[in-house]
Structure formats: structure tokens, C-alpha cells
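The structure appears below as C-alpha cells.
The values are calculated or read from the model by the stated rules, or taken from the named source; none is laboratory data. Keep in mind that this is a model prediction, so the values were computed, not measured. As a convention, Cβ positions derive from the backbone with ideal geometry for all residues, glycine included, and neighbour counts pool all protein chains shown.
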Amino acid sequence: MSHATSSTQGPRAVPDGSGAPAVYDLLGVGFGPANMALAVLLEEMAEASGDDGISRLFLEARSQPAWHPGMLLEGSLLQITVLKDLATVRNPCSRFTFLKYLQDKGRLFEFLNLRDLFPSRLEFNDYLTWVAGQLGGSVGYDRRVTSIAPVTSDDGGVEELEVTARSATGAERFRTRNLVVATGGVPWTPDGVEVAPEGPILHAHRFMHSIRREFPDRDAPYRFVVVGGGQSGAELFLYLLEHYPNAEVTAALRRFGYKPVDESDFTNTIFFPEMV
Ligand SMILES: Cc1cc2nc3c(=O)[nH]c(=O)nc-3n(C[C@H](O)[C@H](O)[C@H](O)COP(=O)(O)OP(=O)(O)OC[C@H]3O[C@@H](n4cnc5c(N)ncnc54)[C@H](O)[C@@H]3O)c2cc1C
């Protein structure tokens, strides 16, 4: 592919100064499941058309694919059916489906034997990593986008955007005709609570990176308070009870109980294509 990049070579930056800059048809910011699903679609379109398809590049801040790595608790499960993977509902024949991943890993029959469409998050993360591995040519890892600016043409119109990313070697600039920003959520803490990179206050998104460093003694009588009544709060409460048998673990909830994900038939219809 003329625009091809790889995670080892790094993406092609727009050269400064003279020379015609490379302009992508599409640039994606972030390479989580949202932009990965888009990358899968574009890859399939390119394969079907027999050419390179539209020129594209996805810039990802992480150094490698990872799906909420700070919350990859062993035993935690996917909250929605795995058939809503990166491809199946759009194209069940795609080579990027979860079932194809299972077949490639030699786990298809074992999975079917579970009679369960809610695999562990660890396995789904492995599936995403498997897909990302096949799309490496259109992803630049270790590139955190720091600014997006319009490129104004002589007639005053804007037909391109200039995107700047920070990488290990400094700032890199890219140009694109279309931009898809899928940077995910931002960790939130209540007013007055400051989470430092190190220290006894942890945010869920870095939990697995920090918990053993900050609380190394599994048998110590630590006193934990888990703030938050959603899925993550419940999972962390359970994790602490199971991994620190002598600790006192308190759940601080705004409501009277945990709030489960609404998976009712009625609510799920908002994800039907005709609702978009
Ligand atoms: C613990 C947890 C479990 C979840 N489980 C489920 C589930 O089972 N089912 C479900 O449907 N949803 C679940 N969710 C919801 C979750 O939002 C989606 O699963 C999914 O991750 C959303 O994908 P995304 O690509 O929009 O965002 P993200 O997955 O957050 O990906 C965004 C990506 O953008 C990158 N990025 C951010 N800023 C920049 C930047 N400036 N430059 C470059 N890259 C950047 C990030 O590094 C990241 O890789 C869960 C969420 C959490 C936190």
C-alpha cells in the first residue's frame, strides 16, 4: 500500500518545509475498539476493491494495542454479547470476527462448549490484539495527538487538517482530508480528590498497574474504600475481598446498591442500525 506504515517503522510524517506533504484521505485519533472497527471496515473495502482503498492512518498514544489494561482483572467478563465484536453484525463473513479469532487460536470448539457468549475481558483483549496485529500497516503507535489545526487554502476555505502527534523522536505532523476522533473516556474523580501517579489513591483505569506496588502484602489488614457504584466499582470491591483476605473493604455508593448494565431487550434496540 502506498500509504503503508508499520508499528516498527512508525507512520510517515508530513515533511517540514519544501516538498509535497503526504495527505491522507482519513486519519484516526486513537486505536481503541471504535477506530479498530472502522479500520477493519476500510481494510475489507480495500480488499474487495482490489486496490489500496482510501489512504488512512490511525495514531495511537499507547506503545501497543491494549483494551483498558488497568482493569483486566482475571475473571471479569465482557458485558455484552461477543457477537458484537469488531465485525460480525456488519459482516458475519469477515475474517476479523471473534469466531475467526477462536478458529485461528484453535479454541473454537472449546469456546462453543462453554455455551456462553460472554468471554473474559482478558480473552477479548487478546482478540483485539490479534485484529490489531493484522492492521499494523495502518497504525502508528506511541503517537499521542496533541493538536489539530485547519489548513487554510488561498481562497480561505479549509479542505485539510494538520494533526500534530508527540512521539519518542519529537513532534510529527500529518495532513488529512477527514478526521475520526475516537479517544475514549477520560478518568473522572470527585471534586477534592487528587490521584497522583504514585500513592494510596488509585483510579480504576490504572488499578492493575498500581495495586500490587502500593499494597504489596496480601495478608496485611489494609483498610480500603472503593468509591463508585457501577460495574468497575463492583469488580474492584470483589477483587479486593478476594485478594486481601485480612483487609477491611468498604463500598461507598451514591445509590442504595450497585447499578447493573441495562441489557434489556428494549434498551438494546437503540443499537439497531435503523436507530442510528
Ligand atoms: C473496565 C471497562 C470495561 C468495559 N467493558 C465493556 C464491555 O464489556 N462491553 C462494552 O460494550 N463496553 C465496555 N466498556 C466500554 C468501553 O468504552 C468500550 O468497550 C470501548 O473501549 C470504547 O472504545 P473506544 O475506542 O471508543 O475507546 P477506548 O477503548 O478508550 O480507546 C481509545 C484509545 O484512544 C487512545 N487515545 C486517547 N487519547 C489519544 C490521543 N490524544 N492521541 C492518540 N491516541 C489517544 C487511547 O490510548 C485508547 O487506546 C468498558 C469500559 C471499561 C472502562
**OP:** May I ask you to say which residue of ASP116, ASP142 is on the phi > 0 side of the Ramachandran plot and at pLDDT 95 or above?
**Re:** ASP142
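Can you say whether PHE109 is buried (at least 19 other Cβ atoms within 10 Å of the Cβ) and either at pLDDT below 95 or outside the structural domain of ASP262 (by TED's automatic domain parsing) (or both), as far as the supplied structure shows? So that I can check it myself, show each step before the final result.
Details: buried (at least 19 other Cβ atoms within 10 Å of the Cβ): no; either at pLDDT below 95 or outside the structural domain of ASP262 (by TED's automatic domain parsing) (or both): yes.
Considered against the rule, which asks whether it is buried (at least 19 other Cβ atoms within 10 Å of the Cβ) and either at pLDDT below 95 or outside the structural domain of ASP262 (by TED's automatic domain parsing) (or both), PHE109 comes out as no.
Output yes when any residue across segment 191-202 is within 17 Å of LEU238 (Cα to Cα) and in the same structural domain as GLY257 (by TED's automatic domain parsing), and no when none is.
For segment 191-202, residues within 17 Å of LEU238 (Cα to Cα) and in the same structural domain as GLY257 (by TED's automatic domain parsing): present.
Can you say whether LEU179 is on the phi < 0 side of the Ramachandran plot, out of contact with any Phe, Trp or Tyr (no Cβ under 7 Å at 6 or more places or on another chain) and surrounded by 10 or more Cβ atoms within 10 Å (Cβ to Cβ), as far as the supplied structure shows? So that I can check it myself, show each step before the final result.
Values: on the phi < 0 side of the Ramachandran plot: yes; out of contact with any Phe, Trp or Tyr (no Cβ under 7 Å at 6 or more places or on another chain): yes; surrounded by 10 or more Cβ atoms within 10 Å (Cβ to Cβ): yes.
When the stated conditions are applied, LEU179 passes them.
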**OP:** Consider only pairs whose beta carbons are under 7 Å apart and that are at least six residues apart or on different chains; among these, list those whose first residue lies in segment 27-55 and is in contact (Cβ under 8 Å) with a residue 40 or more places away in the chain and whose second residue is within 8 Å of the ligand (Cβ to nearest atom) and small (Gly, Ala, Ser).
**Re:** GLY28/ALA182; VAL29/ALA182; GLY30/ALA182; GLY30/GLY184; GLY32/ALA182; GLY32/GLY184; ALA34/ALA182; ASN35/ALA182
Original post:
How about segment 228-263: which of its residues are part of a helix (DSSP H, G or I) and more than 16 Å from the ligand (Cβ to nearest atom)?
Top reply: LEU241, GLU242, HIS243
Original post:
Being without any contact (Cβ under 8 Å) to a residue 12 or more places away in the chain and surrounded by fewer than 17 Cβ atoms within 10 Å (Cβ to Cβ), is that true of even one residue in segment 219-237?
Top reply: no
Subject >> Breaking point among (1) under 24 Å from the mean Cα position of the chain (by Cα); (2) within 24 Å of GLY30 (Cβ to Cβ); (3) of a type outside the set (Asp, Glu), for ILE211 >> reply: (2)
**OP:** Enumerate the strands (runs of 3 or more DSSP E) found wholly within segment 71-184, keeping only those where 1 or more residues are within 10 Å of the ligand (Cβ to nearest atom), of a type outside the set (Gly, Ala, Ser) and closer than 19 Å to PRO33 by Cβ.
**Re:** 144-152, 179-181
**OP:** Hey, can you tell me all the residues within segment 185-208 that are within 10 Å of the ligand (Cβ to nearest atom), touching a His at 6+ places or on another chain (Cβ under 7 Å) and free of Cβ contacts under 8 Å to residues at least 12 places away in the same chain?
**Re:** none
